[in-house]
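The values are calculated or read from the model by the stated rules, or taken from the named source; none is laboratory data. Values in this document were obtained by computation on a predicted structure and should not be read as measured data. Virtual Cβ from ideal backbone geometry, glycine too; neighbours counted across all protein chains shown.
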Amino acid sequence: MQQIARKIAYIRVSSEGQNTARQRKALKAAGCTSFFEEKISGATMQRPELKRLLDELKQGDVVYVHEISRLSRSTKDLLEIIEQIKSKGAGIKSVTETWLDTSNENPMNEFLLTIFSGLVQFERSMIKQRQKEGIEIAKREGKFRGRKTELVDGGKEERRLQAIIQAFKEGKSIRHIREVYKVGTGTLYKILEREGLR
């Protein structure tokens, strides 16, 4: 017996104070009958409802979002999520960005995604190149000392470090962690990179 394809909605807002009604209304009008909803920053990788949606996806299902920024604020992460959906034999559609539709064989859509991916890779390469050139200039001028992580291993700082890592794993937003643990954005991202969380 052939399985009926489901239209599944993913809804996300960044904070508890924001309303999901606008997204829900548009996605219901698009024919969605199943809804996964969460109030959490798109900057964090810890999105329980999105993970549950991806785990439950079946071949032929189509994931609907109001706009692609609801899936992620990071282009790299967004493309990885799209690949996960496609690997399950499912599709994805955006109500707002009508060009995003992988629910059927669409050469133009594949072309746009390929261009999108290429631009992301190009941007990353350019950033690395500019960083490398900047460091070389700073070294020549005797100004480069290298970046140090403000939080170090050992004692009280070790406990603070572990608390920050745990908070991120639990899905706390970058802003929340910065404010609670009084840690700079640059230091926080360096810690997450060092721990393999970014």
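The residues of the stretch 1-51 that are on the phi < 0 side of the Ramachandran plot, over 15 Å from the mean Cα position of the chain (by Cα), at pLDDT 80 or above and assigned to a loop (DSSP other than H, G, I, E, B), listed by number, are ARG6, GLN18, ASN19, THR20, ALA30, CYS32, THR33. Remark: pairs (first residue in the stretch 48-76, more than 15 Å from ASP101 (Cα to Cα) and in contact (Cβ under 8 Å) with a residue 60 or more places away in the chain; second residue among the charged types (D, E, K, R) and buried (at least 22 other Cβ atoms within 10 Å of the Cβ); Cβ separation under 9 Å; 6+ apart in sequence or on different chains) = ARG70/ARG12.
Of LEU54, LEU100, LEU78, all but one fail to be within 19 Å of ALA26 (Cα to Cα) and either modelled with pLDDT under 80 or out of contact with any His (no Cβ under 9 Å at 6 or more places or on another chain) (or both); the exception is LEU100. Restricting GLY184, GLY134, GLY142, GLY154 to residues that are of a type in the set (Gly, Ala, Ser), out of contact with any strand residue (DSSP E or B) (no Cβ under 7 Å at 6 or more places or on another chain) and modelled with pLDDT of 80 or more narrows the list to GLY184. Taking each residue of the stretch 3-25 that is farther than 13 Å from LYS39 by Cα and looking for partners that are of a type in the set (Lys, Arg) and surrounded by 12 or more Cβ atoms within 10 Å (Cβ to Cβ) with beta-carbon atoms closer than 8 Å, six or more apart or interchain, yields GLN3/LYS58; ARG6/LYS58; ALA9/ARG24; ALA9/LYS28. Sub-8 Å Cβ pairs linking a first residue in the stretch 158-173 that is closer than 22 Å to ARG47 by Cβ to a second residue that is among the hydroxyl-bearing types (Ser, Thr, Tyr) and not in a loop (DSSP other than H, G, I, E, B), at least 6 apart or interchain, are ALA163/TYR181; ILE164/TYR181; ALA167/TYR181, ordered by first then second residue.
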